[in-house]
1. Restricting to the stretch 394-425, and then to whatever is of a type in the set (Asp, Glu) and not in a helix (DSSP H, G or I), can you tell me which residue is nearest to GLN373 (Cα to Cα)?
2. Residues of the stretch 13-45 being more than 23 Å from ALA87 (Cα to Cα) and modelled with pLDDT of 90 or more, which ones?
3. Filter the stretch 237-278 down to residues that are more than 26 Å from the chain's Cα centre (by Cα), in a loop (DSSP other than H, G, I, E, B) and hydrophobic (A, V, I, L, M, F, W, C), then give me how many there are.
4. Considering only the stretch 365-392, state which residues are among the β-branched types (Val, Ile, Thr) and either part of a loop (DSSP other than H, G, I, E, B) or surrounded by fewer than 22 Cβ atoms within 10 Å (Cβ to Cβ) (or both).
5. Evaluate the stretch 292-302: report whether one residue or more is surrounded by 13 or more Cβ atoms within 10 Å (Cβ to Cβ) and at pLDDT 90 or above.
6. Name the single residue that is nearest to LYS5 (Cα to Cα) among those in the stretch 205-236 being out of contact with any His (no Cβ under 9 Å at 6 or more places or on another chain), in a loop (DSSP other than H, G, I, E, B) and at pLDDT below 90.
7. Taking the condition surrounded by fewer than 24 Cβ atoms within 10 Å (Cβ to Cβ) and within 23 Å of the chain's Cα centre (by Cα), does LEU220 pass?
8. Among the residues of the stretch 37-61, write down those that are in a loop (DSSP other than H, G, I, E, B) and either surrounded by 24 or more Cβ atoms within 10 Å (Cβ to Cβ) or more than 22 Å from the chain's Cα centre (by Cα) (or both).
Amino acid sequence: MSKIKLSFHGAAGEVTGSRHLLETPGGTVLLDCGMFQGHRNDADKKNRTFLFPPASVDAAILSHAHVDHCGLLPLLYKNGCDAPVYATPATAEITGIMLADSARLQEGDARFYNKIHAAEGLSIEPLYGEEDANLAMAHFKTMEYGTVFEPVPGVKARLLNAGHVLGSAMPQLDIAAPEGNRRLLYTGDLGRAETLLLDDPAAPQDVDYLIVESTYGDRLHERLADAEAKLVEVIKRAFKEDSKIIIPSFALERTQEIIFILDKIRRSGAAPEIPVYVDSPMAISLTEIFNRHKDGFCFDEKFREYARQDGDPFGFDYIRYLRTKDESQALNNRKGAMLIISASGMCEGGRVLHHLRNNLGHDDATVLLVGYQAQGTLGRRLQDGEKKVKIFGLEHEVWARVETMHTFSSHADKNDLVAFIKAAKPARGVFLVHGDTEARAALAAALAAEGIKNVKCPAPAEEFELN
């Protein structure tokens, strides 16, 4: 093969399931291998089907450890892939936890679903198990930021800091071709200019082609400074009403951001103290990794200074971190005001489903959504105000307050994206991925207004030749 081709097999016109395939004269490189998150039947169909032979992949590069970017790696290797996976050391460490947890959650959710639907003859099967997750992790090769490596012959790669989550990276690929070298930059998920924990994304240079996310391509974020006041308000109300706050949270980054703000609230005395529980074994393990890295260069200097002064920015001394199933179930019968942080962030699996089952029917409970809710997810249905939702196939009435904090986003917003793309000066083309139709269209229009040409919004499985 003498041509360079790029095709999009996930997160093309939707937000989850990133999978982008780069074919070069020296071999095929897969950029991310994410799990699609949405309605159970739709997600199962999309996740079980690869539109390319897994064995044809010669190398994979992982931008970061969120499940919608790494969650199908075990299925890829289960189906015949034997390629190395390149990632930063922090991403590799976190991915090991994420994939093992994903396998356990799928197996646990399948057991529970099959049990309660046994009389109907309905059953589901997990996509993969822990052995498959371990197989995928055995193929990881770690690369520090800025280190040059050759994933396939004729391609020189570097990982640049994406500023999105701990360890997140933008793969930059310099591809040798008969017509001349081409530089491709893939942002993965791009961090915002204003963050609570992490340093800013690296500045791109001399880019030919840019693959960029567009999650918030049609909107601007609320100020991060407003997050503390909103949490104080919700805590005060729960204290007054003696009620529960349930925060469905992404175990990676969002949970640590919330804990950090709760630590600041406790330190300042801005709200009454109520019990705080982190009910997610994966979130606990990830928070321990954050705590070990809190002095690292990838964190923002303001956070590092706070951590030096505070000594315990993630509240290990006073927050109850629950690992066991029995500890989790005990919260159902515990009375009084409390705050429960539990995965998953889009309410598509994990222990948070059990907390929702037990609390959606209580009109004094608060469900506080703190992250993007993709179309088709339970979190999106709650956010849209549906009064009846299904959990594990059983219908539940929604009487609880459902509120959303748009402040907490580790994604660049419209202004951040436009500024980043302008700085990259993509000479030959921009591909907008990881965004709903409306968000991509709005970002494409904003780029056109800035004089940026050759902007594409690829459809699923669409292929482009990079000339």
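The values are calculated or read from the model by the stated rules, or taken from the named source; none is laboratory data. None of these values were measured; they are calculated from a predicted model. All Cβ positions, glycine included, derive from the backbone under ideal geometry; neighbour counts span all protein chains shown.
1. Step by step, filter the stretch 394-425, then rank; the result is GLU403.
2. GLY13, GLU14, listed by residue number.
3. So the count comes out to 3.
4. Residues satisfying the conditions are THR366, VAL370, THR377, VAL389, ILE391.
5. No, the stretch 292-302 has no match at all.
6. Result: GLN205.
7. yes
8. Those that are in a loop (DSSP other than H, G, I, E, B) and either surrounded by 24 or more Cβ atoms within 10 Å (Cβ to Cβ) or more than 22 Å from the chain's Cα centre (by Cα) (or both): GLN37, LEU51, PHE52, PRO53, VAL57, ASP58.
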